[in-house]
Amino acid sequence: MSTTVSGVGALEVDLVNAALLGTDRRDVPAPAGTDPATWLLESAGRRRAATLVAGASTFLRPGEPGPVDPRPGPPAAARAILDELVLQASTSVLDLWLREACAAGVGLAPEHWTPLLERARRSTELDRRRLGAALGARGLWFARHNPAWSAVVRAAEASTGADQGAAAPDPDAADLGRLAEDPDRLLTWPDPWSAGAARVAVGVLAAGIVGARGAQAFGQRVGARVPLDTYAALTAVAPSRLDPAARASARAGLAAAEEVLWARWGLAHAFDPSRVPPERRPVPSVPAVPTFQERP
Amino acid sequence: MSGRITTVAVVEVWSRAQVLAAAPDDASRRASLPLTASRIWSESGRGPTGLLWGRCRGSATYAVVVEPGQAYACSCPSRKSPCKHALALLLRWADGLVGPGDPPEWVPTAGPARGRSAEEERVPDVEAATARAAERRAKVDAGLDELDRWLHDQVRTGLAAWERRAWTHVEGVAARMVDAQAPGVAGMLRGLPALLARDAWPERLLDALAGLHLLVVAHRGLDRLPVDLAATVRSRVGYPVAKAGVLAQPPVLDHWWAVGSVDSVDGRLETRRVWLWGRTTRSWAMLLSFAVPGAGLDESVGVGQVLNAAVHRYPGGGEHRVLLGEQWPVDEAPDAAGPAEPLAAVEQRWALQVAADPWASRMPAVLRAVPVPPARPGEPWHLADPDGSAVRLVAMTLEPWPLLAASGGRPVEVFGEWGPAGFAPVRLLGAEAGTDGTGRPRLLAVA
């Protein structure tokens, strides 16, 4: 320890240096008639007795404790799901979990702080702003202790409080017109979406206007943003009056959105058992072979 | 050749764990493992009634005949039953390496003579035992004298040479200590090279060599030491302790709570330490079990379990190891008042521990303190009392961030092992660990 009595400190240094060099080369103050090696081993034994007892003890005042988080912790079912998710490679469902946690007004349990911060440090796919919201002031207090997480903390803190307010207003008519040309603009709307925005989004999916290749990813993003009760509307659309390419795109997008929304229902139920998921109605993603009547 | 036997007794093949459990002491357990190699066994087989036999070529060739769980016979001079050769044969049997066959002529048709059965071994032949003890003592004395000359040579020629060839320094003298029947000393010696990987290794190495010199000196004066300290010295040197002798010690009755468990790999063996807290005696006890890597460690006492049991302590001051004796159903709910202590109290207990056993390497403790992360990366973590007393945490593969998370910067109860290098946290106790939804405490690892 740093505060050794100077005399004892000097003796320590002498013993260790003498042992390093060897008593053949370094004189030690052994009394006449005593083997210097024996003297060294026995003096080291006395020194050892002191370090053995107190070597690991020190004086250190702990810092200020973290702020209190008034939010409740997640219920056991939601915790159990997160236990599984942190072991999986994919971050998409993790993101959904954080979204539902924020919607339910609960924070992260402290045992999940470390694995999630580590995940966010290694991968930018996890939404750091949402992680910051889920960590809350106490979780961020914790994260600030580890310099390895400083980039995550900066990104998380930049947005705590912002963008987490009420649903975005319904899009106006001008918006709707432009969306037909540029569906990706939907995704720039502030999150979470209003019922009106959700209606528009489902319409865009059902119209099959997103290129077939991007339809699935687009559908997943829509599924992550629409309110939960959009499920019935989403699974009821029938993209039948479309040409085959548009229909394939529509089905791929709707199926992907349904899958994500269904996963969110599962999470919502875990956070609040009174929220019972509707009956599942998966959207077949492979377009049916056109029947003979439908052929042009 | 024996005649055909028509009735086939069903002899269930033992697991490696069962074999190791049948060993009379740790020394035989360790000694048996290197003897399982196929190249040193010949004329080995098993009969339809479960009889096992084989010739084991060690320092000489010994004839071994075993009836698992019943009787063990070996032509070696060891008085232990089963001896290491019989254990090695059992281990080979457990591994499926002993095929069926007809016994050779040197195997008695009636099986091993019952004169060497485990039961009868407990009736000691006092004169022979005294002679054997004196013989062993002389062997150990000679070995430790040699060790002391080696220790002197190290500080005479200088420890700087260790930096380059630590293993070669140690292996020869460690093997010599095994021959001198001082396996405990051999284990300490084999632990030395690992010290060189740590900060301030010259101090630590010198401490360790000084500790070994102290052990040599203590062993020379063994007959003049108080009984407890003498037992500690014998245990550190590696004299075997018979299970029967431990079970003959007076029982300590209590409700024992299994607070934590620590596994470590120690040479060729995996060891598990299950730490028990007796709530009435307010004392610690430790169940030690061994397994060959991969065989699976004893799981009969799980962390969190409460046992209403008698335990029998191994001899020696500051010795925590016990054997479980009689057990009864647990009638009361576990007490809420746990073994948590403030840091200063644990420091004091450690000083007493070291006084009782100057070679102590660990002591169980539940600290109630605040985790403090390092100010700069790479520096040690600490657990600190609000008053400022603090202990360094032993470096772990993963940093104990979950411990800080669970605490939120406030005192938490942490179970772990206290040792010369600091406190090794094992798990979090108390309310901070929360419950798993069924009301039982979550077993939260600290890293």
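No value in this document is a laboratory result; all are computed from the given coordinates. Computed from a prediction, not measured in an experiment: that's the story for all the values here. Virtual Cβ from ideal backbone geometry, glycine too; neighbours counted across all protein chains shown.
Sorting the segments B:351-364, A:218-231 by their residues' average number of neighbouring beta-carbon atoms within 10 angstrom, most packed first, yields A:218-231, B:351-364.
Whole-Hz Karplus values for the range A:31-42 come out as x, 4, x, 9, 5, x, 5, 4, 4, 5, 5, 6 Hz, taken residue by residue from phi with 6.51 cos²θ - 1.76 cosθ + 1.60 and θ = phi - 60°; glycine and proline positions read x. For peptide B:414-423, the mean count of partner chain Cβ atoms within 10 Å of a residue's Cβ comes to 2.
Of all lysines in the structure, the ones whose alpha carbon falls short of 19 Å from that of residue B:243, not counting any fewer than 8 places away in one chain, are B:80, B:84.
Rounded to the nearest 0.05, what FRET efficiency do residue B:79 and residue B:303 give with R0 = 45 Å and r taken as the Cβ-Cβ distance? Could you check? The value I calculate is 0.75. Spatial offset of the range B:237-295 relative to the range A:73-97 amounts to 38 Å, using the alpha carbon center of each.
The simple spin-label model puts a point 7 Å past each Cα toward its Cβ; for residue A:151 and residue B:165 those points are separated by 4.7 nm. Taking label positions 7 Å along the Cα-Cβ direction at both residue A:123 and residue B:149, the computed distance is 6.4 nm, reported to one decimal. Taken residue by residue and averaged, Cβ atoms of other chains lying within 10 Å of the Cβ of A:70-79 number 1. Going from the fewest other Cβ atoms within 10 Å to the most, the residues A:58, B:130 appear in the order B:130, A:58. Considering only A:265, B:422, B:22, and ranking their Cα positions along the charge dipole of the protein assembly as shown that arises from unit charges at the beta-carbon of Lys, Arg, Asp and Glu, the one farthest toward the positive end is B:22. Working from label points 7 Å from Cα in the Cα-to-Cβ sense, the residue B:60 to residue B:349 distance is 5.0 nm. Counting 0.36 nm for each residue step from residue B:102 to residue B:283 and taking away their Cα separation leaves a gain of 59.7 nm. Over all pairs of different C-alpha atoms, the range B:126-237 has a mean inverse distance whose reciprocal, the Kirkwood radius, equals 14.8 Å.
I want to verify the translational diffusion coefficient of the range B:41-195 in µm²/s; compute it with Stokes-Einstein, Rh as the Kirkwood radius over Cα pairs, at 10 °C and 1.306 mPa s. Please report the intermediate quantities before stating the final value.
Numbers: Rh = 18.4 Å.
Result for D is 86 µm²/s.
Projected onto their three principal axes, the Cα atoms of the protein assembly as shown cover extents of 106, 84, 54 Å, largest first. Placing unit charges on the Cβ atoms of the charged side chains and taking the dipole of the range A:27-76 about its Cα centre, the candidate lying farthest along the positive direction among A:67, A:30, A:52 is A:67. In summary, the convex hull built on the alpha carbon positions of the range A:76-157 has an orientation-averaged projected area of 4.7 nm².
Convex hull volume of the Cα atoms in chain B, per residue, in Å³?
Values: hull volume 79.5 nm³, N = 447.
Expressed per residue, the convex hull around the Cα atoms of chain B is 178 Å³.
Secondary structure note: in the protein assembly as shown, about 95% of the DSSP beta bridges are antiparallel. How would the range A:20-173 be classified by its alpha-carbon gyration tensor: rounded, prolate or oblate, with rounded meaning a/c under 1.5 and the a/b versus b/c comparison settling the rest? Prolate, since a/c reaches 1.5 and a/b exceeds b/c. Among B:71, B:405, B:381, whose Cα lies farthest out toward the positive end of the dipole of chain B, if unit charges sit on the beta carbon of Lys, Arg (+1) and Asp, Glu (-1)? Comparing the listed Cα positions along the dipole, B:71 ranks first.
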